[in-house]
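Working notes, beginning with the structure itself.
The values are calculated or read from the model by the stated rules, or taken from the named source; none is laboratory data. Remember, predicted model here, so these are calculated numbers, not experimental data. Don't worry about glycine lacking a Cβ; one is built from the backbone with ideal geometry, like all the others, and counts go over all protein chains shown. What goes into the accessible areas is simple: the full protein's heavy atoms, side chains included, and nothing from ligands, DNA or RNA. Shrake-Rupley method; radii C 1.70, N 1.55, O 1.52, S 1.80 Å.
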Amino acid sequence: MSLDSLVCTDISKWYGEAQVLNNVNFTLAANEIHAIVGENGAGKSTLVKIISGLVSADLGKIQANGTDRTHASIREIQNSGVALIHQEPRLFPDLSVLENVCVDYQVKTTSRERFNWKKAEAETVALLEELGCSFSPNSPVRALSVADQQMVDMVSALRKKLKLLIVDEPTASLTPSEVDRLFTTLRKLNKNGVPIIFIGHRLEEVLEISDRVTVLKDGEVVATKKTKDTSEDELIRLMVGRNIEQRTWSHENLKTQTQLAVNGLVSPGFISDVSFEVKAGEILGIGGLVGAGRSELLETIFGLRHRSAGDVTDSQGKHIKTAQQAIQAGIALVPEDRAHNGLALNRSVSENLIVNNLGLTSKWGTRNFKKEQLLSQGLIEKFRIKISQATQFGRELSGGNQQKVSLAKWLNQEIKILLIDEPSRGVDVGSKAEIHQLLNESASTGMSVVMVSSDMRELIELSHRVLVMRNGRIMGELRGKDINEEAILRLASGLTAGSTGGKK
Amino acid sequence: MKLALRSNPNHAITNIFKKREFGIFIFVLVLFLTFGALQPRFFRSDNLWAILSSVGILMIVGAGQTLVIVTRNIDLSVGSTLGLSAMAVGMIARSHPTFPTIGLLLISLVVGGFCGLINGLLVSYGKIPSIIATLGTLAVFRGAIFVLSNNVQIDPNDVPKKIIDLGVTSPIWVPWLLIFAFLAISGVSLLSRRTLAGKRIYAIGSNPEGAISRGLAFNRITITVFVILGALAGLGGVMYMARYATINPADVGRGLEFDVISAVVIGGTNIFGGSGSALGTALGCLLIGILSNGLTVVGVSPFYKTCATGILILAAVTLDNLVRKKQDQNFLQEIRKQRVSK
């Protein structure tokens, strides 16, 4: 009656030109809880999205219960009893808890059976109590906290006739007692014959709940281990995997002048009490897991996000509250999502390069095309942007070249502080090296760089200091020789002694 | 820990003050009493019937438009759909005066439903934003009226008396027009409050990506709401014929979309989808009717009427935003209290 097993064979997936999964083989036995671990960007979430039908694999086969599922639609997969509980709850904010839970309930078209709200409410209340939720099934979901919303998502999965449950980092926003109750429910469910795929970042939880663990790294399966035969240390070693290279850049010319001071910054729900300073010529790395509040920190500093407390000052002690003030103070932000925030995709490369520099190339509000052409040509050469012509549209460029454009448009100006989010995501190896070189050169001329990165190697090689964030807080600072993957990962998953597992 | 098992607010009017429609209801009441105080003639029963009759068509079409707006769509072509149905039915009635009324009503539903189907297909499978798609069909359907009628209008003496009677009489003391309006509003209300299908309509407007990932039939639901609205607009066509007896190809239903969308928005339906109710829309229709009638009765120049409707929309939406914010705060506080007491 339940899936005997799920067999994924040679799954490969590309997003644009970046390959996120490479020949992944994954087998789920009936009645097991199978954990998937790996660093950010290792491909965990992509793999389970493929299994649940949200995205389709470019290559490879998926068999469930012996039948081929490779080309099944989301609806077919969802209605066959597969539920994916994602980091972000898939809920309908305008509906009540009860309505959210029932909305995809299947009433057989053959039977004349009417949907019974009273019965559904009683069942939902029972499940909510089992998970220890204290809200009424009639509360509007809009008014619930993220943790409560996740519970609602869980309940709506549990109400279905489940054949496979996938939970993607369910514990990130839960308190320890909530995690306990969740685990009890998962175990009970598993005992009743539902296989579970569990993605988690807190390794001690992974070890507690799972029967087997698969380690993914850079889109490939490194190992699949029986949980009782492995340990936290071994998993971290497998996740990190590579030899840690020596840092290639020298950091001797570090100046002492403070360029940017962040004091007690709070952005409700994202950032709590973050303080740090950046010196001139310094590259400050910010590490942490997805959802730790790193991008939000950059956006809060740049004045894009509401802050309820705290202060950002530049070298002259000027307060920076809005994006306009930030730009005037010589701060630039290169966002993670180039396609939406960094680049005008339907505009030419030269226009993208000019847009921040219009002051230089225009007079009395009128554009001077000759000057624009000279300037953009200069930038294209200086930053080695590979294009056929300057009138090419932004969307036609590769990820690497897009990133160079979004950097180049800022770096023509007198930028003192560069805030950069995931500088090499979706960027090919060649461009990545060039971008790293650019960042280093810029730093050596006195520019400060605050770099958020999920790429461990990038963080370690480029940064003078690394701050590691978790749940919107800075968990620790690593300097010089102390910067290594293991230390970062430990801080990021809250493993270091003295830190607590939960938010509260 | 025991959860308080409240009776479901979807099933009973647990607390009228917590209802979304409360703000607009107060608005209607105040306006109603004000006009009455200024001019007692306003309260006379023939005037009250006139107000109700004047918004009957608006309610029929508004009930459907509520569902469409709840799904994050909009239908601008309702006036042309209503006109096309009125013209088709009118021409049949002119050439076959003995054609049964029930048959004419069914034809109007089919014609309107077909127009709605075209809109729904363009929006769902055609992936055209509804505001553009229905802007196009607004012109196409209007053009079809001219082609169909050869630009010849239906005159009052072409309309059988039994059709005219729909607007004034029925076996019970309420005219058919208002019975249909009541059925449309309560039908949509029932659909959205009591049925899973109705909840799915709200779900796809509340979180489209979530709806797809939960495996809801996104396109089918979208098409369905457009067909429901089209059919109701078609029914509105017969009601138009009953009320006005003249069907001019250029005038029939022209500008109806403005009044309908106004009524829906005044009634508290979120223009960005996800929330709203047919009851609110009915109140919105009443508000428009009372305002229009009241301004005339107390002797305000008709030139001010359009302006007043516009101001009313703005006031209603502002009020609605405040009410919604307040309700959210109340819910949050309630949940926090539960936490503390735990």
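Odds and ends about this structure:
- Checked against the criterion of being open to solvent by 40 Å² or more (accessible area, probe 1.4 Å), within 15 Å of B:ALA233 (Cα to Cα) and among the aliphatic types (A, V, I, L, M), region B:118-128 contains one or more residues that satisfy it.
- Residues (in contact with an Asp or Glu (Cβ under 6 Å, 6 or more places away or on another chain) and outside any strand (DSSP E or B)) located in region A:49-72: A:ASN65
- All told, A:ASP10 meets the bar of being at pLDDT 85 or above and open to solvent by 40 Å² or more (accessible area, probe 1.4 Å).
- Hits in region A:401-423 (condition: within 19 Å of A:GLN328 (Cβ to Cβ) and among the basic types (Lys, Arg)): A:LYS409, A:LYS416
- A:LEU374 fulfils the conditions (1) within 23 Å of A:ASP337 (Cβ to Cβ); (2) in a helix (DSSP H, G or I) except for a single criterion, (1).
- So B:ILE204, is it modelled with pLDDT of 90 or more and within 14 Å of chain A (Cβ to nearest Cβ): yes
- Hits in region A:383-432 - residues which are small (Gly, Ala, Ser) and open to solvent by less than 60 Å² (accessible area, probe 1.4 Å): A:ALA390, A:GLY394, A:SER398, A:GLY399, A:GLY400, A:SER406, A:ALA408, A:SER424, A:GLY426, A:GLY430, A:SER431
- Considering region A:44-92, and only residues there that are more than 17 Å from the chain's Cα centre (by Cα), open to solvent by 10 Å² or more (accessible area, probe 1.4 Å) and of a type in the set (S, T, N, Q), the residue that is farthest from the other protein chains (Cβ to nearest Cβ) turns out to be A:GLN63.
- Region A:118-155, residues that are more than 10 Å from every other protein chain (Cβ to nearest Cβ) and acidic (Asp, Glu): A:GLU123, A:GLU130
- Test: A:PHE115 is touching a Leu at 6+ places or on another chain (Cβ under 9 Å), within 9 Å of chain B (Cβ to nearest Cβ), surrounded by fewer than 23 Cβ atoms within 10 Å (Cβ to Cβ) and modelled with pLDDT under 80: yes
- Hits in region A:377-416 (condition: of a type outside the set (Asp, Glu), touching a residue at least 40 places away in the same chain (Cβ under 8 Å) and more than 17 Å from A:GLY342 (Cβ to Cβ)): A:ARG384, A:ALA390, A:THR391, A:LYS416
- Long-range neighbours under 7 Å by Cβ, at least six apart or interchain, first residue farther than 10 Å from B:GLY90 by Cβ within region B:246-260, second modelled with pLDDT of 90 or more and of a type in the set (Asp, Glu): none
- Looking across A:LEU304, A:LEU289, A:LEU333, one residue alone is at pLDDT below 85, in the same structural domain as A:GLN373 (by the TED database) and either open to solvent by 10 Å² or more (accessible area, probe 1.4 Å) or aromatic (Phe, Trp, Tyr) (or both). It is A:LEU289.
- Number of residues in region B:207-219 that are in contact (Cβ under 8 Å) with a residue 60 or more places away in the chain and more than 7 Å from every other protein chain (Cβ to nearest Cβ) equals 3.
- Hits in region A:157-189 (condition: touching a strand residue (DSSP E or B) at 6+ places or on another chain (Cβ under 8 Å) and of a type in the set (Gly, Ala, Ser)): A:ALA157
- Residues that are β-branched (Val, Ile, Thr) and either open to solvent by 20 Å² or more (accessible area, probe 1.4 Å) or in the same structural domain as A:GLY200 (by the TED database) (or both), drawn from region A:254-286: A:THR256, A:THR258, A:VAL266
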